[in-house]
Amino acid sequence: MNEERRKVLEMLAAGKISADEAERLLAALESGTPASPHVNGSAPKVKAKYIRVTVDAENPLGKTPTKVNIRVPMQLLRSGVRLAGLIPVQARKHVEDAMREHGMAFDLSQIKPENLEEIVDQLQDLTIDVDDDNAKVRIFAE
């Protein structure tokens, strides 16, 4: 085990960083990306490979708490956008109507493969934190 990896694990064991932060640092070490900021104080922008969704929820009845940790590859998102472009125009209206019925008003014709990388780039800056008395939800790109 190299020295940097050991330091990350020691910080995790000491409670100085969270498991998510440790995972990010270890991933940066594996990819050869510097995990610390540059001299000018800004870290280089690394292309995100995953969208991560975590949920930690307490069960109000004292049962086992709910923990969810989902990591969706960005490549799956890219494939989904390309597949959405293959939906025939006649079927697209039915899909959009069904999505609208479930509270997701979405125009599939606005998603174009040529805009895909711009969408993915914007997702890299995405971080959603929802804190509730009984649950903590985080959605972010990594």
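Readers should treat all values here as calculations from the given coordinates under stated rules, not as data from a laboratory. Since this is a predicted model, take the numbers as computed values, not measurements. Here Cβ is always computed from backbone atoms with ideal geometry, including for glycine, and neighbour counts include all displayed protein chains.
Scan around Ile17 for amide H atoms under 5 Å from its own, H built in the peptide plane at 1.01 Å from N, and keep only partners 5 or more places away or cross-chain.
Leu12
Please give the FRET efficiency for Ala57 paired with Ile87, using the beta carbon to beta carbon distance and R0 = 41 Å, rounded to the nearest 0.05.
Taking R0 as 41 Å, the efficiency between Ala57 and Ile87 is 0.75.
Taking the Cα centre as origin and putting +1 on Lys and Arg beta-carbons and -1 on Asp and Glu beta-carbons, what dipole magnitude results for the chain, to the nearest 20 debye?
420 debye
List Ile70, Ile17 from most exposed to least, where exposure is judged by having the fewest other Cβ atoms within 10 Å.
Ordered by Cβ neighbours within 10 Å, fewest first: Ile70, Ile17.
Exceeding 22 Å between C-alpha atoms, which entries from my cross-link table qualify? They are Lys47/Lys112; Lys7/Lys49; Lys112/Lys136; Lys47/Lys93.
In this structure, Lys7/Lys49; Lys112/Lys136; Lys47/Lys93 lie more than 22 Å apart at Cα.
Kindly identify the chain as rounded, prolate or oblate by the Cα gyration tensor criterion: order the square roots of the eigenvalues as a ≥ b ≥ c, call it rounded if a/c is under 1.5, otherwise compare a/b with b/c, prolate if a/b is larger, else oblate.
Verdict is oblate for the chain.
Taking only C-alpha pairs under 8 Å that are 6+ residues apart, what is the relative contact order of the chain in percent?
Across the chain, relative contact order equals 24 percent.
In terms of Cα to Cα distance under 17 Å, which aspartates and glutamates are near enough to Lys63, apart from those fewer than 8 places away along the same chain?
Correct list for Lys63: Asp133.
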